[in-house]
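Below: the structure, in structure tokens.
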Amino acid sequence: MRGMFTAGVTDVMSENGIEFGAMVGVSAGAAFGCNFKSRQPGRAIRYNLRFCKDKRYCSFCSLIKTGDLYGADFCYREIPEELDIFDKEAFENNPMAFYVVCTDVFTGEPVYKRLDKVDRDCYDWMRASASMPMVSRPVKVGGRTLLDGGMSDSIPLSFMQKQGYKKNVVVLTRARDYIKSPASTVLTELALWKYPAMVRVMADRHRMYGFQRQYVFECEKRGDTLVICPDEALDISRTEHDPDKLNTAYNEGRKVALRELDKIKEFVK
């Protein structure tokens, strides 16, 4: 739910006509970032405020009943198809390339997928990218079995550079001074005993994330990367249910983006 900050940033860019040749989203960045391609600013915060306390959306009840903390059918079918319509036509007509990052549970390697057409597989790729290990069932799509892309490539700047994009805007949901601590592997080993590669990747994630952040800031110093991030730690949990905290994180993203708007416009020129 720190992705609410990102939604605030992308909404401001969308409202000001800022466009890119391509975009890549990881985890919540994929689930919320698709609204930038569909040109629907305000949609992510709207449905999150509406359903943040709905047991069908995110709850231990959903986890027990379905195996997913975030209800797969409710989040990736009922909401976009019935309750807060996702603009498929606008998404498909926008020429911006849109990629999501997932993690292959058997290899631990990142998997990148470009999404152009909105269909069942498209929603499943987004769901896979945002499926947190231990509280989500692995998602089978595209001949692979996948979980959260943040486990293997949290900040895919290098991926975009390899696609030929020499200038990139990177939106982080942690403040500049953040240092990720290693996580305990006890529960991971128990919950993911079928997928030892995932256990290994998650045990090493703090190092991977630290190296990626260092690389991002090095690119920023070179002048080919613009970094947008919160001024300080966001007071919001990973599965936040408090609408006030969701709003606060979203508005923080808007505040930072508006403050940096002239810089963003100059950079994308």
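The values are calculated or read from the model by the stated rules, or taken from the named source; none is laboratory data. Owing to the predicted nature of the structure, the values given are computational and were not obtained by experimental measurement. Quick reminder, even Gly has a Cβ in these numbers, built from the backbone with ideal geometry, and neighbours come from all protein chains shown. Just so you know, the surface numbers come from the protein's heavy atoms only, side chains and all, with ligands and any DNA or RNA stripped out. Shrake-Rupley method; radii C 1.70, N 1.55, O 1.52, S 1.80 Å.
So what's the projected area for segment 131-208, the Cα convex hull averaged over all directions, in nm²?
6.7
Considering segment 64-208, what Rg and Dmax in Å follow from its alpha-carbon atoms?
Rg and Dmax of segment 64-208, Cα atoms, are 16.3, 46 Å.
Along its three principal axes, how long is segment 7-68 when you only count alpha carbons? Whole Å, largest extent first please.
42, 21, 15
Kirkwood Rh, Cα Rg: Rg to Rh for segment 1-135?
Result for segment 1-135 is an Rg/Rh of 0.95.
Run the numbers on segment 1-50 and let me know its relative contact order in percent, using alpha-carbon pairs under 8 Å that are six or more apart.
Normalised by residue count, the contact order of segment 1-50 is 47 percent.
If you take the C-alpha gyration tensor of the chain, multiply each eigenvalue by 5 and take the square root, what semi-axes do you get, largest first, in whole Å?
Listed largest to smallest, the semi-axes of the chain are 26, 22, 19 Å.
Averaging sequence separations of C-alpha pairs under 8 Å and six or more residues apart, then dividing by the length of segment 183-269, give the relative contact order as a whole percent.
19
Between PHE159 and TRP193, what is the label-to-label distance in nm when each label sits 7 Å out along the Cα-to-Cβ direction?
Roughly 3.1 nm, to one decimal.
From zero up to wherever the largest Cα-Cα distance of segment 185-233 sits, split into 5 Å bins and tell me the percent of pairs in each.
So the P(r) values, bin by bin, are 5, 19, 16, 15, 13, 11, 12, 8, 2.
Based on the mean of other Cβ atoms within 10 Å per residue, sort peptides 69-77, 4-12, 210-218, 50-58 so the most packed one is first.
4-12, 69-77, 50-58, 210-218
In the structure shown, do any of LYS113/LYS263; LYS53/LYS245; LYS55/LYS88 have a Cα-Cα gap over 21 Å, and if so which?
LYS113/LYS263; LYS55/LYS88
Please state, as a whole number in µm²/s, the translational diffusion coefficient that the Stokes-Einstein equation yields for segment 123-254 at 37 °C and 0.692 mPa s, with Rh defined as the Kirkwood radius across alpha carbon pairs.
D, rounded to a whole number, is 197 µm²/s.
Give me the compactness ratio for segment 64-130, meaning the Cα radius of gyration over 2.2 N^0.38 Å.
Scaled against compact globular proteins, the figure is 1.22.
With every protein chain present, what is the per residue accessible area of segment 156-222 (1.4 Å probe, Å²)?
64
With springs connecting C-alpha atoms under 10 Å apart, model the chain as a Gaussian network and identify which of ILE228, ILE45, ILE179 has the largest mean-square fluctuation.
ILE179
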